[in-house]
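What follows is calculated from the coordinates using simple rules that are stated; it is not laboratory data. Bear in mind that the values here come from a model prediction, so they are computed numbers and not experimental data. We place every Cβ from the backbone using ideal geometry, glycine too, and count neighbours over all the protein chains shown.
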Amino acid sequence: MASAPASATADVAAIVPERVSDPGGDFTSTTNPTQEQVVAIVNQIVSEVQALCGLIIDDSLAAFATLVVATGAAAQVELGFTNDLGGDKTSKYEQLQALFEARLARLHDAQAVLNGGGTLGSEDTNVVPSSEYSFPDTTVAGFPITTWSSRF
């Protein structure tokens, strides 16, 4: 299975900037979690998004899919790593997780509508595109979507 490049972590760092040492920076080998750990988390979230939305993400949803993956990964970062930053880690995790779930549901609905599976917000949007297709030529979470389809 291919791995997300290290650059995929920048979107996560933008959501949890207190986890990186420089404002606007990225995870490194000295942050908690490390860049390698965040790449693994991003890969897990990509798999979760694909399981619900299918391997094909419409071009018009690519930027939103990036946001969904980054939000889910940020929630897992907050859940899975010690709260060495002070503050209420549980509250931040719960807020990020709720945001991730809401965004993932919207992405799923929008993807289903684009695939002829219903109208936005309806209960008939549980259509997962066929895996015979590949991703459009764009990026999600900092790496080409075409990389995703070759992973599965």
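Take each of the peptides 47-54, 63-70, average the number of other beta-carbon atoms within 10 Å over its residues, and list them starting from the highest. Don't jump to the answer; show the numbers that get you there.
Working: 47-54: 17.9, 63-70: 22.6.
Sorting 47-54, 63-70 by mean packing, highest first, produces 63-70, 47-54.
When ranked by the protection proxy of mean other Cβ atoms within 10 Å per residue, highest first, what sequence do the peptides 100-113, 15-28 form?
Numbers: 100-113: 18.9, 15-28: 15.6.
Descending packing order for the listed peptides: 100-113, 15-28.
Let me check I've understood the local charge: for ASP26, count other residues with C-beta under 15 angstrom from its C-beta, Lys and Arg +1, Asp and Glu -1. What total comes out?
-3
Between SER47 and GLN95, how many nm apart are label points set 7 Å from Cα along the C-beta direction?
If labels sit at SER47 and GLN95, their model points lie 3.0 nm apart.
What list of ³J(HN,Hα) values in whole Hz, one per residue of segment 64-72 in order, does the Karplus curve 6.51 cos²θ - 1.76 cosθ + 1.60 (θ = phi - 60°) give from phi, with Gly and Pro shown as x?
Those phi angles translate into 5, 4, 4, 5, 4, 4, 4, 5, x Hz.
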